[in-house]
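Shown next, in structure tokens, is the structure this report addresses.
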Amino acid sequence: MSAVIELQNIYKTYQMEKVEVNAVAKASFSITEGDFAAISGPSGSGKSTLLNMIGLIDLPTSGKIILNGTDVYGSMELSKNTKVPHKLDSMLTELRRRNLGFIFQTFNLIPVLNVYENVEFPLKIGSSPATETLNAAGRREWIDFLIETVGLTAWKTHKPSELSGGQRQRVAIARALVTKAPIILADEPTANLDSKNGDQILELMKKLNEDLKTTFVFSTHDAKIVGMANHVIKISDGHILSA
């Protein structure tokens, strides 16, 4: 299997008054297509910063990120003071659209939309290459399939306020998958769930990983996620301990 994510000598440095802080230092590793991968470490270790750089949300201070064969920043000179030029911002948006889906620990659902509409929303703001050929009927069938897959068909017309935490996270998973992104990034996806719902969500994501061959990358300190992962990247104080 080929690498879908490669990090080469990645640094992320912040200026804290007169002190420079290396949130991530000299990070190098790759993630293979179909991995169920966990970036694991304690709070403040740099794992969320690392995930945000993989997700092209945060710019690295230096180093190279290769996403599905694309050298994201190429020969661009990076620094801790870099402001994203409009042309680069557009390119990053397009790379995210083609390659990435996101699951957030706070769900980030739109309160006024029901389950179906929340799942559909990413397609409303711009179809991905994998879904742009779907006609209206095909789009409805795909959304209904995802809602059924996450076990929420009976709740399709309900709004987030009418759902439990576990059900909201299921909506967030279906929404992340709706663009058929090959890579799903999940930041502490079980942090706001009780153990029962957390276990169910993990089993669901593992099943989707196996059935749809979607690559999952987690930022987590949850031992259960780490135990289920086939690839664990351990980080502490911004340094990769093992990958």
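The values are calculated or read from the model by the stated rules, or taken from the named source; none is laboratory data. Please read these numbers as outputs of a predicted model, since none were measured by experiment. All Cβ positions, even for glycine, are placed from backbone atoms using ideal geometry, and neighbour counts span all protein chains on display. Heavy atoms of the whole protein, side chains included, go into the accessibility calculation; ligands, DNA and RNA do not. Shrake-Rupley method; radii C 1.70, N 1.55, O 1.52, S 1.80 Å.
Roll a 1.4 Å probe over the protein chains and send me the accessible area per residue for the stretch 56-115 in Å².
Numbers: 3340 Å² over 60 residues.
Spelled out: the 1.4 Å probe surface of the stretch 56-115, per residue, equals 56 Å².
Each of Ser242 and Glu20 was given a label point 7 Å from its Cα along the Cα-to-Cβ line. The distance between the two points is 3.1 nm. Pairs exceeding 24 Å between alpha-carbon atoms, taken from Lys12/Lys234; Lys180/Lys207; Lys47/Lys224; Lys124/Lys224; Lys47/Lys87: Lys124/Lys224; Lys47/Lys87. In summary, the lysines within cross-link reach of Lys18, defined as a Cα separation below 21 angstrom excluding same-chain residues under 8 places away, comprise Lys80, Lys83. Ignoring ligands, DNA and RNA, what percent of the accessible area of the stretch 17-171 is carbon or sulfur (1.4 Å)? The nonpolar share, carbon plus sulfur, comes to 51 percent. Could you list the GluC sites (Glu not before Pro) in the stretch 1-71 that lie in coil according to DSSP, counting only those with at most 12 other Cβ atoms within 10 Å of their Cβ? Loop-located and lightly packed - Glu17.
With a 1.4 Å probe and all protein chains left in place, how much of the accessible area of the stretch 179-243 comes from carbon and sulfur atoms, in whole percent? All intermediate terms of the calculation are to be shown ahead of the outcome.
Details: 1440 of 2930 Å².
Within the stretch 179-243, the accessible surface is 49 percent carbon and sulfur.
Find the accessible area per residue for the stretch 187-243; the probe is 1.4 Å, ligands and nucleic acids are left out, and the unit is Å². The answer is 48 Å² per residue.
Relative contact order for the chain: what percent, with Cα pairs under 8 Å and sequence separation of 6 or more? If you can, show how the numbers build up before the last one.
Details: 443 pairs, mean separation 73.7, N = 243.
About 30 percent, as a whole number.
Labels on offer are [x] 20.6, 82; [y] 18.0, 58; [z] 18.8, 67, and the one holding Rg and Dmax of the Cα atoms in Å computed from this structure is [y]. Net length available on complete extension from Ala3 to Lys196 is 66.2 nm, with 0.36 nm assigned per residue and the Cα-Cα distance removed. Restriction of the GluC sites (Glu not before Pro) in the stretch 108-204 to DSSP coil positions whose beta-carbon has at most 14 other beta-carbons within 10 angstrom yields Glu132. For Lys159, the aspartates and glutamates whose Cα comes closer than 19 Å to its Cα, not counting residues fewer than 8 places off in the same chain, are Glu117, Glu120, Asp144, Glu148. For the chain, modelled as a Gaussian network with Cα springs under 10 Å, which listed residue fluctuates most, Thr133, Thr215, Thr179? Checking each option, the largest mean-square fluctuation is seen for Thr133.
Distance between the modelled labels on Glu141 and Lys87, one decimal in nanometres: 4.2 nm (7 Å Cα→Cβ projection). Each residue was assigned an accessible area with a 1.4 Å probe, and for Ile54 the value is about 0 Å².
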